[in-house]
Every structure is written in structure tokens, then in C-alpha cells.
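Derivation of every value follows stated rules applied to the coordinates shown; laboratory data play no part. None of the values given here were measured: they were computed from a predicted structure. In this analysis, Cβ positions are derived from the backbone assuming ideal geometry, glycine residues included, and neighbour counts consider all displayed protein chains.
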Amino acid sequence: MEGGKLAASIVFCPRCGRGYIMADHGDRYYCGNCHYTQFKT
């Protein structure tokens, strides 16, 4: 919580838009809708 609000680290898919949340798989983020994968650095 930050300042009375929940602070979520949600990553949205850059291809599908803000309606699609990417799954966190430890070393990467994955979109189940379009299968886009973004590796963490």
C-alpha cells in the first residue's frame, strides 16, 4: 500500500492494449491473448 492505495505492478500487453494483463512467469511476461512475450532484464 502506498498512501492508502494498493500499488500493483501490473503489466499490460503493448499489442492488445490496456484491457489485457500479461502473466508474470518469473523471467518473462506473457500475453495469453496474442502470445506476446517480454523478457525481464
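What's the longest bit of the chain with no exposed trypsin sites (Lys or Arg not before Pro), using DSSP loop states and at most 12 other Cβ atoms within 10 Å as the test?
Details: sites that count: ARG15, LYS40.
Counting at most 12 other Cβ atoms within 10 Å as exposed, the longest clean stretch of the chain is 16-39.
Dividing the alpha-carbon radius of gyration of the chain by 2.2 N^0.38 Å (N being the number of residues), what value is obtained?
Numbers: Rg = 11.8 Å, N = 41, 2.2 N^0.38 = 9.0 Å.
That ratio works out to 1.30.
Out of the chain, which chymotrypsin sites (Phe, Trp or Tyr not before Pro) are coil in DSSP terms and have no more than 15 other C-beta atoms within 10 Å?
Details: sites: PHE12, TYR20, TYR29, TYR30, TYR36, PHE39; in loops: TYR36.
Loop-located and lightly packed - TYR36.
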